[in-house]
Structure formats: C-alpha cells, structure tokens
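Here the structure comes first, spelled out in structure tokens, and everything after it is commentary.
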Amino acid sequence: MKRYKIYDLGSLLQENEYPGRGIVVGQSQDGKNAVFAYFIMGRSDNSRNRIFVEKNDEVVINPFDESKVEDPSLIIYSPIKRHDSSEWIVTNGDQTETIFNGLENGLSFEKALESRRFEPDAPNLTPRISALLTFFHGSFKYKMNILKSGDVEGTICNRFNYAYHPINGLGHFIHTYKFNGNPLPAFEGEPVRVEIPNDIDEFGDCIWTKLNCKNRISLSINYISLEDGTRKSIIYNKNR
C-alpha cells in the first residue's frame, strides 16, 4: 500500500472476508467532528452470540443469549469507554480497563499497555488493538497501539505505537487479522489511511454493509463535535 494513499474503507472491507475486530479513528471531511468506530466479527457460535449496548459514556458487549455462553473471557468486555471529560478509549479487549486505570494513575497510554500482551488464544495469538482520543481547545489528537506476537510460539510480544494529528477527511484503520485463515494471520503494517465522510449514517452504512454478512456481529459509530463536545452514536447489531 502506498504511504500517502487514502483508501475507501468499504472497498477494503468488501475484499476481506474476515478482518476480525477493527478500530477506525479520524476526522470528518468538514473538520467539525472527531470520528471513531469499532466493529466485531465472529466465526464460532460463542463469538457470534454478542450484542453492543450503549451505557452512558460507554459501549459494553453483552451476550445475546446468556444460556449459550461458552467462554466469556475474550468476548465480553467494554470496547469503548470515556475517561474524564477529555479522553475516549477504544479497544478490542479488556485492556480498555488497563488503559483507563493507567490514565487514572497518571500513566501514559503507551505505558499502561506495557503490562499487556496479545490474547492467549493459540494458535491465533490475536493482536490486541487500542486507540485513545484526547480532546483540547476545540481540537483533538489520537494514538493507536497494536500488541502482536513476534513468533508462532507466542514467546515474544512486539509493541507498535502510532500518534496522529487529525486531517480533514482522513482516518486510520487497524484490525486484528490480515484475512481469513486457520490459524488466523495477524494484521501487518501501519494503520491504513481511509476516507472519513461528514455524515454519520453514511459512514456507518459504509462499514456495516461491506462487512461479510455471515461473520459480522456488531458495530459502533461515534461522531464528537469539536465545537461543543456533543456525541452522536449509532449501534448496529446483527442479533436483535
């Protein structure tokens, strides 16, 4: 992928049967909103038995049918959570709480994640992906992180950190898996530069309709006004 090319997110998703879990962060084309999105997919019945629920300034994952839950350890967590009035955390696992608690204790985003590794789900060794948006004086900046195994045995954890200043219409997309497989191959390279539209419904439909309809589970889209801090959000759930 060319370094400065901006990709159409819908096209990337349509071409990938199983990107797994994904985070997008960026700024709307008109520069008025900070934007972030998170989606989950699943191949097993246990993974597919989930829904997103909005809970104040937090999105939580709940079982759709509690009687069918097999192992909640890696599938039930809060992927989106607000810290104080100026920061939003987005992750694909329980490291949401690690980051939140680290910020509460004066640690940086990067430092808080030093205590974590990729997921213990061999042979996949799923990467942990995380993002932090920080707001100040009508603007914001954002960071992204990925924790990946450095070998097939899972003996080494490689840590990648990225820091961004927003650009109108530009977002960065990071996801857990390169494509479908067995075992699942981990995401490679830098977060991908993607287009961010002005309209929240347009962006939500762009992602949801292009995710593989068999494997998609839930999606949360969020637009935060840089003028007054108000937040618009939409949740898509396959299970209703």
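Tabulated results
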{"read-out": "Qualifying residue in region 37-59 (condition: of a type outside the set (Asp, Glu), under 16 Å from GLY169 (Cα atoms) and under 12 Å from the mean Cα position of the chain (by Cα))", "value": "yes"}
{"read-out": "Residues located in region 151-176, provided they are of a type in the set (Gly, Ala, Ser) and either over 16 Å from ILE6 (Cβ atoms) or free of Cβ contacts under 8 Å to residues at least 60 places away in the same chain (or both)", "value": "GLY154, ALA163"}
{"read-out": "Matching residues, region 206-240, being over 17 Å from VAL90 (Cβ atoms), of a type in the set (D, E, K, R) and surrounded by fewer than 18 Cβ atoms within 10 Å (Cβ to Cβ)", "value": "LYS214, GLU227, ASP228, ARG240"}
{"read-out": "Residue in region 66-85 that is more than 16 Å from the chain's Cα centre (by Cα), under 23 Å from SER139 (Cα atoms), modelled with pLDDT under 95 and among the small types (Gly, Ala, Ser) present", "value": "yes"}
{"read-out": "Leading residue by the ranking (surrounded by the most Cβ atoms within 10 Å (Cβ to Cβ)) among those in region 175-205 that are touching a helix residue (DSSP H, G or I) at 6+ places or on another chain (Cβ under 8 Å) and in a loop (DSSP other than H, G, I, E, B)", "value": "ILE196"}
{"read-out": "Where GLU70 falls short, out of the listed (1) assigned to a loop (DSSP other than H, G, I, E, B); (2) under 17 Å from SER233 (Cα atoms); (3) among the charged types (D, E, K, R)", "value": "(2)"}
{"read-out": "Answer residue from region 88-104, given it is more than 15 Å from the chain's Cα centre (by Cα) and under 15 Å from LYS143 (Cβ atoms) and is surrounded by the most Cβ atoms within 10 Å (Cβ to Cβ) among those", "value": "GLY102"}
{"read-out": "Selected residue (criterion: surrounded by the most Cβ atoms within 10 Å (Cβ to Cβ)) from residues of region 74-87 that are in contact with an Asp or Glu (Cβ under 8 Å, 6 or more places away or on another chain) and under 22 Å from TYR177 (Cα atoms)", "value": "ILE80"}
{"read-out": "Candidate set: region 105-121, residues that are among the aliphatic types (A, V, I, L, M) and without any contact (Cβ under 8 Å) to a residue 40 or more places away in the chain; chosen: the one surrounded by the most Cβ atoms within 10 Å (Cβ to Cβ)", "value": "ALA112"}
{"read-out": "Per-region count, region 85-95, residues in contact (Cβ under 8 Å) with a residue 24 or more places away in the chain and out of contact with any helix residue (DSSP H, G or I) (no Cβ under 9 Å at 6 or more places or on another chain)", "value": "5"}
{"read-out": "Selection within region 25-54 - closer than 30 Å to ILE167 by Cα and outside any strand (DSSP E or B)", "value": "SER28, GLN29, ASP30, GLY31, LYS32"}
{"read-out": "Selection count, region 206-240, where residues are more than 21 Å from PRO19 (Cα to Cα) and not in a strand (DSSP E or B)", "value": "6"}
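Residue-wise test of (1) surrounded by fewer than 17 Cβ atoms within 10 Å (Cβ to Cβ); (2) of a type in the set (D, E, K, R).
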{"position": "TYR4", "(1), (2)": "yes, no"}
{"position": "LEU13", "(1), (2)": "no, no"}
{"position": "ASN16", "(1), (2)": "no, no"}
{"position": "ARG21", "(1), (2)": "no, yes"}
{"position": "VAL24", "(1), (2)": "no, no"}
{"position": "SER28", "(1), (2)": "no, no"}
{"position": "ASP45", "(1), (2)": "yes, yes"}
{"position": "LYS55", "(1), (2)": "yes, yes"}
{"position": "PRO72", "(1), (2)": "yes, no"}
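The rows are residues; the columns are (1) at pLDDT 95 or above; (2) small (Gly, Ala, Ser); (3) at positive phi; (4) in contact with a Gly (Cβ under 9 Å, 6 or more places away or on another chain).
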residue	(1), (2), (3), (4)
ALA37	yes, yes, no, yes
ILE40	yes, no, no, yes
LYS55	no, no, no, no
GLU58	yes, no, no, no
VAL90	yes, no, no, no
LEU113	yes, no, no, yes
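The values are calculated or read from the model by the stated rules, or taken from the named source; none is laboratory data. Just so it is clear, the structure is predicted and the values come from calculations on it, not from any experiment. When we count neighbours, we look across all protein chains shown, and the Cβ atoms used for this are built from the backbone with ideal geometry, even at glycine.
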